[in-house]
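Below is one structure, written out as structure tokens, with a few remarks after it.
Quick note: the coordinates plus some simple rules give every number you see, no bench work behind them. Quantities reported herein were computed from a predicted structural model and do not represent experimental measurements. All Cβ positions, even for glycine, are placed from backbone atoms using ideal geometry, and neighbour counts span all protein chains on display.
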């Protein structure tokens, strides 16, 4: 693998212009990885032009500013991060780049770039960027480390998930030793919320529907979002807060997004493998963390039924 990392480093070193892209609806890992890698590249090669593109996420604006994509960027090196397939890359067409690299920790879906480094055992793409810096001449900075750490703790839910391995802790230790970053500040920026969001979290807790086979789900309408002054991304950002509830092994939020005219779906599991089922509904992700988008409540009903079936099977096999 180190040979492959050095190949990525050589491409970065050769390129004069680099475009960093990630998936639509970015989370802290997607943003922290791209913005962190930009800091690392500029810390190593100050004269390069490096752009991080895609739609912004106001909740995570503390991670850094994004660049507006334009057609002239297609002559640069593209690095797609945290995105398994071309259709989910935000704001550009990967096929139009002559040189491209993909760095991703999702299970393989399709070949998107000329060079691809996929590690579906990694806790996060942020972890992979730390590993890239460790094994090449790319230079970490404190600013880069803070962004990468935010991505890593968000995708592992502060190291609570199974994806946090010995390698995760080793690379985290390396990050801390190299940069002496302030992790308290990062936790505060990532997890401090306004009171109306806490009230909304309370609403969610009180209104989950739970099937006999321990599938919890909640449908969030546009009116509910308005009542609590939250946006369509908020329920998905809160889904990890509902882990460790006895009555729910799998839990999901279905949030109507008026701009996309569809439901944003976020699903988590504490046992049953869900990504194969979610892929049948146009989505995907990890074994225990997946998502998709659905158009109708009928599709929601079908997905809940499918999740209930796999949870029923899991319960029968583990009882």
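Structure notes:
- Each pair of Cα atoms in the chain enters the Kirkwood radius, and Stokes-Einstein at 25 °C and 0.890 mPa s then converts it into a translational diffusion coefficient of 121 µm²/s.
- For the stretch 1-23, backbone nitrogen atoms closer than 18 Å to the point 7 Å from residue 108 Cα along Cα-to-C-beta are found at 1-5, 8.
- The label-point distance for residue 261 and residue 10, in a model that sets each label 7 Å from Cα toward Cβ, rounds to 4.9 nm.
- Expressed as a fraction of 2.2 N^0.38 Å, the value expected for a compact globular protein of N residues, the C-alpha radius of gyration of the stretch 121-165 is 1.14.
- Model label points for residue 231 and residue 245, set 7 angstrom from Cα along the Cα-to-Cβ axis, are 2.5 nm apart.
- Convex hull volume of the Cα atoms of the stretch 1-57, normalised per residue: 88 Å³.
- Distance from the Cα centroid of the stretch 280-317 to that of the stretch 117-147 is 31 Å (rounded to whole angstrom).
- Hull volume per residue, based on the alpha-carbon atoms of the stretch 40-157 and their convex hull, is 118 Å³.
- Here the residues 288, 217, ranked from fewest to most Cβ neighbours within 10 Å of their Cβ, fall in the order 288, 217.
- When DSSP beta bridges are restricted to pairs lying wholly in the chain, around 45% turn out antiparallel.
- Computed per residue of the chain from DSSP H runs no shorter than four, each worth -39500 (n - 2.57), the mean residue ellipticity at 222 nm is -12500 deg cm²/dmol.
- Projected label points at residue 305 and residue 70, each 7 Å from Cα along the beta carbon direction, are separated by 5.2 nanometres.
- Computed as a quarter of the hull surface, the mean projected area of the alpha carbon convex hull for the stretch 177-319 stands at 10.7 nm².
- Distribution of pairwise C-alpha distances over the stretch 75-122, 10 Å bins, in %: 30, 58, 12, 0
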